[in-house]
Structures are given as C-alpha cells and as structure tokens.
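One structure is given below, encoded as structure tokens.
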Amino acid sequence: MGQAKTSDTVKVSSSKSLFYYVDLAVKFLKEQPQVTLSALGYAITTAVTIAEILKGQNIVVVKSIRSSMTSAPERRPNKPKIEIVIVKSEKFDELYEKKQLLTQEKQQIRDALNATRKRVQDKIST
C-alpha cells in the first residue's frame, strides 16, 4: 500500500514514516471535511497511532472506526483491515495556522544558520 489515491483517504503502510502520514492526514484535512485512514495487516498499528497522535494534539476527532477482513480474491490469505474516519476538531484551523507559522520560523532559523555557516567556512578558507 502506498499513499492515498484520493484526497480523502490516506492508505497507510508500514514502509513509510509515521509522521509522513500524520502530515499527509493534516494536509488532506485542510482541503476535506473528513479523512479516512485505511490500513491492512501490520499497518493497522500505524494507522491507530496516527489517529491517536492527531487526537492528542486536538487536531481531529475520531468519527468512526470500522474493521473487517479483506475479501479480494487476489489476496490470499485474507488480511485484517481498519478504516478510521477522522474529522477536523473545532481548533483545527487555529492549530494548523500555528503549525504553519512555526514551520516558517524554523525554516528562517535554518536559512540564517546555513548562511552563518557559509560565512564562517568562507573566512576559514581564505
């Protein structure tokens, strides 16, 4: 399973970073009223963790959780599947904006640090 094919479903796998999916879910929620975290087998733990991280940050509310066994004929044996539907919390927009500001500030700090490093290296080289 890779990343989502539609902008309202995040297909979680165990091969990518947990925070890749956390960021992806937030990005999708910025554009959609709700997002479904979908996972099979070993990736179920990752999907639950994503939902709990976002819920713990007051970014989302868990609307519903569905579990089933896959029944696709090409998949033998059947695997467990989970779908966690999350919706924006009342504070989503406020928290999203704060996160964006922090990200911009971090980038400005990184840019200033890199410029300082370059100046120091240039002075050492000359």
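The values are calculated or read from the model by the stated rules, or taken from the named source; none is laboratory data. Everything quoted here is computed from the prediction, not taken from an experiment. No Cβ is skipped: glycine too gets one built from the backbone with ideal geometry, and neighbour counts run over all protein chains shown.
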(message) I'm checking my understanding of the structure. Among residues of region 17-56 that are at pLDDT below 95 and of a type in the set (K, R), which one is farthest from the chain's Cα centre (by Cα)?
(response) K30
(request) Only one of these is in the same structural domain as V85 (by TED's automatic domain parsing), touching a residue at least 40 places away in the same chain (Cβ under 8 Å) and not β-branched (V, I, T): L54, L37. Name it. (result) L37
(message) Quick check on my filter: what residues within region 37-90 are β-branched (V, I, T) and either touching a Cys at 6+ places or on another chain (Cβ under 8 Å) or part of a helix (DSSP H, G or I) (or both)?
(response) I44, T45, T46, V48, T49, I50, I53
(message) Looking only at residues that are farther than 21 Å from F19 by Cβ and touching a residue at least 24 places away in the same chain (Cβ under 8 Å) in region 57-82, which one is nearest to the chain's Cα centre (by Cα)?
(response) K63
(request) Within region 102-125, identify whether any single residue is closer than 24 Å to S15 by Cβ, part of a helix (DSSP H, G or I) and hydrophobic (A, V, I, L, M, F, W, C), and answer yes or no. (result) no
(message) Among the numbered criteria (1) assigned by TED's automatic domain parsing to the domain that holds D8; (2) in contact with a Lys or Arg (Cβ under 9 Å, 6 or more places away or on another chain), which one does Y96 miss?
(response) (1)
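Is it the case that G56 is among the small types (G, A, S) and on the phi > 0 side of the Ramachandran plot? Outline the logic, then answer.
Numbers: among the small types (G, A, S): yes; on the phi > 0 side of the Ramachandran plot: no.
No: the conditions fail for G56.
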